[in-house]
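Contents: one structure, followed by commentary.
The values are calculated or read from the model by the stated rules, or taken from the named source; none is laboratory data. This is a predicted model, so every value here is computed, not measured. So basically every Cβ, Gly included, is an ideal-geometry build from the backbone, and we count neighbours across all protein chains shown. Surface areas here come from the heavy atoms of the whole protein model, side chains and all, with no ligands, DNA or RNA. Shrake-Rupley method; radii C 1.70, N 1.55, O 1.52, S 1.80 Å.
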Amino acid sequence: MLLGRVVGTLVSTNKEPSLEGLKFLVLRQLDIEGGEAAGYRVAADAVGAGLGEVVLYATGSSARQTSVTDKRPCDAVIMAIVDSLAVDGEVTYDKSRDG
Amino acid sequence: MLLGRVVGTLVSTNKEPSLEGLKFLVLRQLDIEGGEAAGYRVAADAVGAGLGEVVLYATGSSARQTSVTDKRPCDAVIMAIVDSLAVDGEVTYDKSRDG
Amino acid sequence: MLLGRVVGTLVSTNKEPSLEGLKFLVLRQLDIEGGEAAGYRVAADAVGAGLGEVVLYATGSSARQTSVTDKRPCDAVIMAIVDSLAVDGEVTYDKSRDG
Amino acid sequence: MLLGRVVGTLVSTNKEPSLEGLKFLVLRQLDIEGGEAAGYRVAADAVGAGLGEVVLYATGSSARQTSVTDKRPCDAVIMAIVDSLAVDGEVTYDKSRDG
Amino acid sequence: MLLGRVVGTLVSTNKEPSLEGLKFLVLRQLDIEGGEAAGYRVAADAVGAGLGEVVLYATGSSARQTSVTDKRPCDAVIMAIVDSLAVDGEVTYDKSRDG
């Protein structure tokens with residue numbers, strides 16, 4: 001899994017029928033020091049993530065292992081909202097402090 | 001999923017029999033600020049996308065989760081046409097404005 | 001899918017038994033303007049592609065969705081020979097012209 | 001598989017229900033000469049890895065082939081703790097020496 | 001598939017139980033001109049490859065399509081030992097000449 005910050009939303013009316021009701025969020029990729037990395041991903045939301053939150057997302061066939069993405073043409077899913085991240089003994093992200 | 005703009009078409013008469021009837025479109029990858037990224041993808045079209053449209057595409061096994069790509073040797077599918085994209089509070093793409 | 005040109009062949013006698021009879025071709029990756037990109041792929045041939053031809057190949061589990069690659073440890077397959085490619089309104093590749 | 005060093009932990013209370021009980025570790029990617037590579041991965045732990053250990057991790061659908069990750073939206077798993085690594089005739093990592 | 005040269009071995013006693021007996025080899029990635037590329041992969045050995053040999057390896061779910069890797073958390077497998085490689089009409093690798 002990789003880390004991302006929810007930075008946006010995407011609206012689509014003309015889409016594969018099975019995707020009806022699925023919420024797509026735009027993620028900017030993050031590194032583990034708390035900074036932004038190059039790259040983005042549009043992911044389905046399985047956990048009710050909100051704008052600005054730091055999340056964990058899974059890609060590939062693993063992105064279909066949730067009730068909202070099962071058997072759908074979706075290759076990225078937000079499966080966890082991050083509370084805190086500790087790297088090399090330091091808290092590099094804490095939702096209550098930085099969120 | 002990643003964003004792409006439909007920039008071209010591909011014709012093939014000699015192909016895997018199961019791909020008969022599938023439409024292949026050429027996508028130039030886009031970033032979330034509305035610009036073009038390096039890289040392209042040739043994707044099957046599951047939603048009737050047209051030249052110039054901004055679309056969302058899925059790759060890997062997820063690309064086979066549509067009725068037109070099921071069980072076919074196809075690793076990228078256009079599964080949504082994008083109406084609008086909002087990033088960091090700004091509308092970076094709006095089909096009726098930029099399309 | 002990505003585009004490649006068939007530039008070579010690979011011979012292997014000591015291989016996974018299920019791969020017996022499968023033809024492996026060496027592909028140089030192409031961009032959509034007709035030029036060569038960095039990178040290569042060795043792919044199984046499902047369509048009878050020949051040296052010099054421009055082809056489309058699929059990777060991952062999608063590469064096993066042909067009769068010759070089904071259930072085999074093969075992660076890339078040539079599933080179409082390209083006749084022509086049109087990008088931004090120009091024909092960037094035409095087999096009868098450039099092939 | 002790729003090599004990583006366990007450098008951190010991640011806490012998440014709001015996540016996909018099936019992930020309850022799964023431990024997520026932060027890995028910094030390593031090269032085979034014993035140095036750190038760019039890039040990281042957050043992976044589920046299937047072997048009881050600890051901070052500072054060098055591990056092997058698998059990604060994609062293969063990451064779900066353990067009892068703790070089966071059918072879960074998880075695309076990276078630590079499946080082995082490395083004791084030693086020998087490259088070009090030299091021991092580039094030995095847990096009892098470098099661990 | 002991509003090309004690699006077997007440059008090392010990896011020892012692990014604490015690993016996912018299903019991996020018991022599987023041999024992991026360290027591969028340095030090769031280009032098709034016979035040179036070394038950046039990057040490596042640790043792969044399970046399905047064909048009895050030895051140090052110094054040039055091999056072909058498959059990744060992702062395709063890496064599990066051998067009897068030794070079936071249903072195991074393994075995302076890369078050596079599925080062929082390369083005898084020779086011909087690119088652009090030249091033999092860029094021949095095991096009996098270069099091996």
Item to complete: Please enumerate the residues belonging to the stretch B:55-83 that are among the hydrophobic types (A, V, I, L, M, F, W, C), within 8 Å of chain A (Cβ to nearest Cβ) and farther than 21 Å from C:Asp70 by Cβ.
Response: B:Leu56, B:Ala58, B:Met79, B:Ala80, B:Ile81, B:Val82
Discussion item. Just checking: which of the strands (runs of 3 or more DSSP E) contained wholly in the stretch D:46-99 hold 1 or more residues that are buried (at least 24 other Cβ atoms within 10 Å of the Cβ)?
Written reply: D:54-59, D:76-81, D:84-87
Discussion item. Quick test for you: out of D:Leu22, D:Leu10, pick the one residue that is of a type outside the set (Val, Ile, Thr) and either under 20 Å from A:Glu33 (Cα atoms) or in a strand (DSSP E or B) (or both).
Written reply: D:Leu10
Worksheet item: Does E:Arg28 meet the test of being assigned to a strand (DSSP E or B) and of a type in the set (Lys, Arg)?
Response: yes
Worksheet item: With D:Val55, D:Val87 as the choices, which residue is under 10 Å from the mean Cα position of the chain (by Cα) and touching a residue at least 40 places away in the same chain (Cβ under 8 Å)?
Response: D:Val55
Worksheet item: Which is among the polar types (S, T, N, Q), over 22 Å from A:Gly60 (Cβ atoms) and touching a residue at least 12 places away in the same chain (Cβ under 8 Å), of B:Thr9, B:Thr69?
Response: B:Thr9
Worksheet item: With respect to E:Tyr40, is the statement that it is farther than 28 Å from B:Ser61 by Cα, aromatic (Phe, Trp, Tyr) and open to solvent by less than 50 Å² (accessible area, probe 1.4 Å) true?
Response: no
Worksheet item: Given the conditions (1) facing chain C (nearest Cβ under 9 Å); (2) open to solvent by 30 Å² or more (accessible area, probe 1.4 Å), and given that B:Lys23 satisfies all but one, which numbered condition is not satisfied?
Response: (1)
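A quick yes/no check of all residues on (1) out of contact with any strand residue (DSSP E or B) (no Cβ under 6 Å at 6 or more places or on another chain); (2) of a type in the set (S, T, N, Q); (3) modelled with pLDDT of 95 or more:
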{"position": "C:Leu10", "(1), (2), (3)": "no, no, yes"}
{"position": "C:Glu20", "(1), (2), (3)": "yes, no, yes"}
{"position": "C:Glu33", "(1), (2), (3)": "no, no, no"}
{"position": "C:Glu36", "(1), (2), (3)": "no, no, no"}
{"position": "C:Gly39", "(1), (2), (3)": "no, no, yes"}
{"position": "C:Asp45", "(1), (2), (3)": "no, no, yes"}
Item to complete: Check D:Tyr93 against each of (1) under 19 Å from E:Ala38 (Cα atoms); (2) more than 8 Å from chain A (Cβ to nearest Cβ) and name the one condition it does not meet.
Response: (1)
